[in-house]
Amino acid sequence: MTNAPRERPGAAYWSLAGLIEGARLGAPVMPGMALFGAAFGALAAQKGLTLLEAVLMTGVVYAGASQFVALEMWPEIATLGGIVTVGLVTATVNMRFILMTAALRPWFGSLPPWQSYPSLCTITDPGWLIAMHYYSKGGRDASILVGGGLAFWVLWVASCVPGYLLGALVSDQKSFGFDVIMPAFFVVMLVPLWQGTRRAIPWAVAGAVALAVAQLVPGWWFIMAGAIAGSIAGGFLDER
């Protein structure tokens, strides 16, 4: 990676300085990310995972919310149906990354595939928001996204360990507020996405449908129902 001039105006490029700057821009979010990672470690301990298993899952999967969902849903006796259900629900949780990575196409599309596609493995919700804000200001250094993603990954794995050790000692996570960390984190992440009341309607529809289905239907169908309802509402509100 160098600070070499870009091949054409507006094209994405790489730099070591961008990696460092991406990590620096993510610093304000890191305390929340650390709490998030600690909460996962605590849940992993409660679910009977070993410390090594929890760290490996954190480092390899690196998927935040879907890791929580997978642990909550994981059956005591693994069956084909149970595994398929876990995969379907976690895939639904991660469907937001389809739109997030599509939004990166105007920026990363000027890079060769062997550079652009692997870099998408580092994407996170806060990292994407920070990178898109940087891009909207005219920045084109692709290292910003990767630098932030790598910094978040290190923090995510590291914070899992103390969370696991604490979770092994605490019988009731709610007494420490671990159960509200994930929803609070995502509520905070919604703030930069606010684009007015009209654009918030799909969020409200998704939330209302998810709550209703959670009350009426057992299991985890509320996640899929909320995602589908919010997507349909967003489609009707789309303006060309």
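The values are calculated or read from the model by the stated rules, or taken from the named source; none is laboratory data. Computed from a predicted structure; not experimentally measured. Backbone-built Cβ (ideal geometry, glycine too); neighbour counts: all protein chains shown. Side chains included, ligands, DNA and RNA excluded: accessible areas come from the protein's heavy atoms. Shrake-Rupley method; radii C 1.70, N 1.55, O 1.52, S 1.80 Å.
Got a number for residues in region 58-85 being in contact (Cβ under 8 Å) with a residue 12 or more places away in the chain and more than 25 Å from Leu35 (Cβ to Cβ)?
Residues flagged as in contact (Cβ under 8 Å) with a residue 12 or more places away in the chain and more than 25 Å from Leu35 (Cβ to Cβ) within region 58-85 amount to 1.
When the residues of region 70-121 are narrowed to those that are among the hydroxyl-bearing types (Ser, Thr, Tyr) and part of a helix (DSSP H, G or I), which ends up most open to solvent (accessible area, probe 1.4 Å)? Full working, then the answer.
From region 70-121, those among the hydroxyl-bearing types (Ser, Thr, Tyr) are 79, 85, 90, 92, 101, 110, 116-117, 119; that's our starting set.
Those left that are additionally part of a helix (DSSP H, G or I): 85, 90, 92, 101, 116-117, 119.
Values: Thr85: 66, Thr90: 24, Thr92: 19, Thr101: 41, Ser116: 13, Tyr117: 129, Ser119: 9 Å².
Only one residue fits best here, namely Tyr117.
Taking Ala151 as the residue in question, decide whether it is in contact with a helix residue (DSSP H, G or I) (Cβ under 9 Å, 6 or more places away or on another chain) and closer than 20 Å to Val29 by Cα.
Numbers: in contact with a helix residue (DSSP H, G or I) (Cβ under 9 Å, 6 or more places away or on another chain): yes; closer than 20 Å to Val29 by Cα: yes.
Criteria met by Ala151.
Taking Val60, is it under 15 Å from Thr124 (Cα atoms) and assigned to a helix (DSSP H, G or I)?
Yes; evaluated as a whole, the condition is true for this residue.
For region 122-240, list the helices (runs of 4 or more DSSP H) that sit wholly inside it and hold at least 2 residues that are surrounded by 13 or more Cβ atoms within 10 Å (Cβ to Cβ) and modelled with pLDDT under 85; which are they?
Helices (runs of 4 or more DSSP H) meeting the threshold: 181-190, 197-216, 221-237.
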